[in-house]
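Single-structure report; data block below.
The values are calculated or read from the model by the stated rules, or taken from the named source; none is laboratory data. The shown structure was predicted, so the numbers you read here are calculated from the model rather than taken from an experiment. Glycine also receives a Cβ, built like all others from the backbone with ideal geometry; neighbour counts cover every protein chain displayed.
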Amino acid sequence: MQSEGPKQDGFKQVLSLRQVLAIAIAAISPTTSVFLVYGAGLSSAGTGVFWAFVIGACIALSMAFCYAELGSVFPGTGGAYTIVRRALGKPMGFITVLLFLVLGVVITASILVASATYLNSLVPQIPVNWAAVVMMAIVVWFSLERIGATSWVAMVMLIIELVVIFAFIVIAFAGARHPLPFILNPTTIDANGHLAGIGMTGMFAAVVPALFAFNGYDWPLYFAEETMNARRVLPRAVMIAVVASVVIELLAVIAATLAIPNLSAVMKSNAPLTYIAQSVAGHVGATILIIGVVIAMFDTGLSGNLAYARIYLDSARENSWPGPINRFFASMNRHNVPKWGFVFLGVGNILLCYFTSLNNLITFTGVIIVVIYLLIAVSAIVSRYKNRSAKRPFRMPLWPIPPIIAIAGVILALTQQAKGDLIKTAVIIVIGIIYWFAYLRVKTIRNQTAPVSTVSVE
């Protein structure tokens, strides 16, 4: 079969649509997503968590159109980094890769800490942080293997988790305690313990957790150099992944919310979906579901981890770092995967798995993801005007509505986030700007003006 994707030394084009789609849906992980963020959404928006997921779904679908079109124009292992760098220029590209550098050592830890937390609820003798550390070590081991073999591991665990989430949906609908208006007219429990309505502010505060839940549909783009017929296969994988995640997660959120036995008790619970599962499926049924959730979250950690070292590799190819760091991230092992990039991810995530808490990780990673979305949506608009003659194997429908919806949605969502998370993200961006002007720009100018014989290649 002839490949149309980019070819680079070190990678082998071995992945099909089915395999990259499995990686993408495993990275999204409807099971993980709902069980990880439903509680955060419920605490912010009450039963309006349903509307937060609907708003998030509209933004996610709009973003998927942007990713699919741009991925067909600028295919590359860097994914979003490659897109932003090509569409908005190298300074914005570096800011993007710096955000991914932080995201890579945070998001997998957040998922594995959640998995270990559910495991601890089954076996209290297992310490949460140490369990997460062990899981991360296993993730690194799998990540360093051949991508073809790893993708099959992800696919098997994906089948298990899809069985789990569909079982939960069916059981929750069967045990529904409320009619449909319960979610159509959102309510919460106020400080006095009374029912109160939820406004748009509360619902938009829950949109970022919802976007975190849908995140991962862009994952096929990070395997552009390992996928056959990449320019055609990857956009299809992106769109199938986002539609699947939206449908499954909305069904799960609706079913869970209608099955709430007592809104006040659920909102006070540390694990609201476990509380709901026990109320509709009993102790044994809830235990089986939680075992599936632990497996699903591990699968998400594995699938998500696979992309980040590839992003760092692509940044090293562009000489984004000092020479030794470029060589560090560009180093490949005998299985043709960026070995030291995965070791870096392993060390960073292990430290966070041991020293931090779940809530701190989820809110911060959600803000970083939304900022990356904003850069991609802007890239979609700029690309259409700067590269009008570019070949676009996939063209988004209803142009320019999708990027406009995405930009408006993420800006509104950002206005409702915690000031601390916004400040941390702003600091990362400022560091990226300073690094660009103080180092990368100076190095670029020096290399352009130096005689050819004296230019150093880092």
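Here are some notes:
- Test for Asp299: is it out of contact with any His (no Cβ under 9 Å at 6 or more places or on another chain), of a type in the set (Asp, Glu) and under 22 Å from Arg86 (Cβ atoms): no
- In the range 415-428, the residues that are touching a residue at least 60 places away in the same chain (Cβ under 8 Å) and of a type in the set (A, V, I, L, M): Ile428
- Residue check: Ser43 meets all listed conditions (1) modelled with pLDDT under 90; (2) among the small types (Gly, Ala, Ser); (3) in contact with a Pro (Cβ under 6 Å, 6 or more places away or on another chain) but one, namely (3).
Residue-by-condition table, conditions (1) more than 24 Å from Met155 (Cβ to Cβ); (2) free of Cβ contacts under 8 Å to residues at least 24 places away in the same chain; (3) aromatic (Phe, Trp, Tyr); (4) in contact with a strand residue (DSSP E or B) (Cβ under 7 Å, 6 or more places away or on another chain):
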| site | (1), (2), (3), (4) |
| --- | --- |
| Ile23 | no, no, no, no |
| Phe35 | no, no, yes, no |
| Phe50 | yes, no, yes, no |
| Ile59 | yes, no, no, no |
| Gly71 | no, no, no, no |
| Gly89 | yes, yes, no, no |
| Met92 | yes, no, no, no |
| Val102 | yes, no, no, no |
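- Val382 vs. criteria surrounded by 15 or more Cβ atoms within 10 Å (Cβ to Cβ), out of contact with any Phe, Trp or Tyr (no Cβ under 9 Å at 6 or more places or on another chain), at pLDDT 80 or above and assigned to a helix (DSSP H, G or I): yes
- Test: residue in the range 300-310 that is part of a helix (DSSP H, G or I), of a type in the set (S, T, N, Q) and over 21 Å from Leu221 (Cβ atoms): no
- Here the condition is being within 28 Å of Glu161 (Cβ to Cβ) and either at pLDDT below 80 or surrounded by 24 or more Cβ atoms within 10 Å (Cβ to Cβ) (or both); of Ser269, Ser320, it holds for Ser269 alone.
- Index of the failed condition, Thr257 passing every other in (1) among the hydroxyl-bearing types (Ser, Thr, Tyr); (2) touching a Gly at 6+ places or on another chain (Cβ under 9 Å); (3) at pLDDT 85 or above: (2)
- Condition check for Tyr67: at pLDDT 90 or above and out of contact with any Ser or Thr (no Cβ under 6 Å at 6 or more places or on another chain): yes
- Unique residue being polar (S, T, N, Q) and modelled with pLDDT of 85 or more when the list is Thr449, Thr425, Thr363: Thr425
- Answer from Ser143, Ser110 - the residue that is within 19 Å of the chain's Cα centre (by Cα), surrounded by 21 or more Cβ atoms within 10 Å (Cβ to Cβ) and either among the hydrophobic types (A, V, I, L, M, F, W, C) or closer than 18 Å to Val37 by Cβ (or both): Ser110
- Elements of type helices (runs of 4 or more DSSP H) in the range 173-247, at least 1 residues being surrounded by fewer than 21 Cβ atoms within 10 Å (Cβ to Cβ): 181-184, 200-205
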